[in-house]
Structure formats: C-alpha cells, structure tokens
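Student: Please read through the structure below; I'll follow up with questions.
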Amino acid sequence: MKILVCEDDAVVLKVVQLALEQEKFEVVLAKDGKQAFVQLQSANDFDLIITDIHMPYRNGDEILKWVREDQQRKTPIIMLSSDGEEEVIKLALKQGINEFIVKPVNAKDLIKKVKKLLN
C-alpha cells in the first residue's frame, strides 16, 4: 500500500514515516503543501493520504478539497493537527476526512487507524 505523508514538522514527519515503514507500507513524503500537490498531481495511485492541517504554501484543507472535489477521489485521508479543539475536529470530519489525529502523534494509534482505513 502506498501512502502520501504531508507534514512540515521534520520530527512528526520522521515519526510517521518510521511507523509506516515498520509496517511495510510504501511511504512518499511531502514537506509542505506545495510538494504535496506535486506528488498528488504526478501520481493518482495513493491508497491513503496523511496530511497536516497547517502547512506552508498549501494547507491540509486545500489538499482535502482538491482530492474530494476537484479530483472526485475517495482516497482515505487522515488529518494531523496540534489543534485538538472539538470544533476543528468536527469541521474536518464534516468536510470529508476519514480520521483526525491530534499531535503529538502516537505511532500505535496512527497504525491502528491506517490499518482500519485500508482494510
């Protein structure tokens, strides 16, 4: 399974990458919203997208909108954010994300949610 991870925090990016690779997932990294869009436009074979909500150049909401509305894809999306307010989570779920993870990322929780979405 191929997973795109979009995250501008280097530590969080590494934690997510290592957790996914340990489970034998193919991981493609994007360090900001601009790189995320390049990856999404050049490949449409991602089985899952994990994206931070706040990133330079383009944010997670823009990625979600592009995937869901512009590309009409149902690719599962996990949104990451240090903003764990209930309103933010509810809005993201209403807009079409599949899961929400509040930072700091717990690797076991991440893998559990990834496997649930991919099965």
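Student: Run down Leu117, Leu91, Leu40 and say which single residue is free of Cβ contacts under 8 Å to residues at least 40 places away in the same chain and over 15 Å from Leu29 (Cα atoms).
Tutor: Working: Leu117 fails: free of Cβ contacts under 8 Å to residues at least 40 places away in the same chain; Leu40 fails: over 15 Å from Leu29 (Cα atoms).
Exactly one residue qualifies, and that residue is Leu91.
Student: Here's a follow-up. Out of all the residues in the range 94-105, which are surrounded by 15 or more Cβ atoms within 10 Å (Cβ to Cβ), free of Cβ contacts under 8 Å to residues at least 40 places away in the same chain and assigned to a loop (DSSP other than H, G, I, E, B)?
Tutor: Ile97, Asn98
Here's the yes/no breakdown for (1) hydrophobic (A, V, I, L, M, F, W, C); (2) modelled with pLDDT under 90:
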site: Gln35; (1), (2): no, no
site: Leu40; (1), (2): yes, no
site: Ile78; (1), (2): yes, no
site: Glu85; (1), (2): no, yes
site: Leu93; (1), (2): yes, yes
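Student: Still on this structure, please answer the following. For the condition touching a Cys at 6+ places or on another chain (Cβ under 8 Å) and either among the acidic types (Asp, Glu) or more than 23 Å from Met1 (Cβ to Cβ) (or both), what is the one hit in Asp52, Asp47, Asp70? It would help to see each step written out before you state the result.
Tutor: Numbers: Asp47 fails: touching a Cys at 6+ places or on another chain (Cβ under 8 Å); Asp70 fails: touching a Cys at 6+ places or on another chain (Cβ under 8 Å).
Of the residues listed, the single one that is touching a Cys at 6+ places or on another chain (Cβ under 8 Å) and either among the acidic types (Asp, Glu) or more than 23 Å from Met1 (Cβ to Cβ) (or both) is Asp52.
Student: Restricting the range 38-53 to residues that are buried (at least 16 other Cβ atoms within 10 Å of the Cβ) and of a type in the set (A, V, I, L, M), which is farthest from Lys113 (Cα to Cα)? Steps first, please.
Tutor: Step one: list which residues in the range 38-53 are buried (at least 16 other Cβ atoms within 10 Å of the Cβ), which gives 39-40, 46, 48-53.
If we keep only those that are of a type in the set (A, V, I, L, M) as well, we get 40, 48-50, 53.
Details: Leu40: 21, Leu48: 11, Ile49: 12, Ile50: 11, Ile53: 17 Å.
Here the residue is Leu40.
Student: Could you identify the single residue in Glu85, Glu69, Glu62, Glu99 that is of a type outside the set (Phe, Trp, Tyr) and in contact with a strand residue (DSSP E or B) (Cβ under 6 Å, 6 or more places away or on another chain)?
Tutor: Every option except Glu99 fails the conditions.
Student: With respect to Pro56, determine if the residue is in contact (Cβ under 8 Å) with a residue 40 or more places away in the chain, touching a Gly at 6+ places or on another chain (Cβ under 7 Å) and either surrounded by 15 or more Cβ atoms within 10 Å (Cβ to Cβ) or within 21 Å of Lys14 (Cβ to Cβ) (or both).
Tutor: Values: in contact (Cβ under 8 Å) with a residue 40 or more places away in the chain: yes; touching a Gly at 6+ places or on another chain (Cβ under 7 Å): yes; either surrounded by 15 or more Cβ atoms within 10 Å (Cβ to Cβ) or within 21 Å of Lys14 (Cβ to Cβ) (or both): yes.
Criteria met by Pro56.
Student: Also, I was wondering about something else. Could you please let me know if Asn59 is among the polar types (S, T, N, Q) and within 17 Å of Glu7 (Cα to Cα)? So that I can check it myself, show each step before the final result.
Tutor: Values: among the polar types (S, T, N, Q): yes; within 17 Å of Glu7 (Cα to Cα): yes.
Spelling it out, Asn59 is indeed among the polar types (S, T, N, Q) and within 17 Å of Glu7 (Cα to Cα).
Student: When only residues in the range 70-93 that are of a type in the set (Val, Ile, Thr) and closer than 18 Å to His54 by Cβ count, which is surrounded by the fewest Cβ atoms within 10 Å (Cβ to Cβ)? Step through it out loud before you land on a result.
Tutor: Within the range 70-93, the first condition is being of a type in the set (Val, Ile, Thr), and the residues that meet it are 75, 77-78, 88-89.
Now narrow it down to the ones that are closer than 18 Å to His54 by Cβ: 77-78, 88-89.
Values: Ile77: 26, Ile78: 22, Val88: 15, Ile89: 17.
Going through the qualifying residues, I end up with Val88.
The values are calculated or read from the model by the stated rules, or taken from the named source; none is laboratory data. For clarity, every value in this text was computed on a predicted model and none was experimentally measured. Every residue, glycine among them, receives a Cβ derived from its backbone with ideal geometry; neighbour counts consider all protein chains shown.
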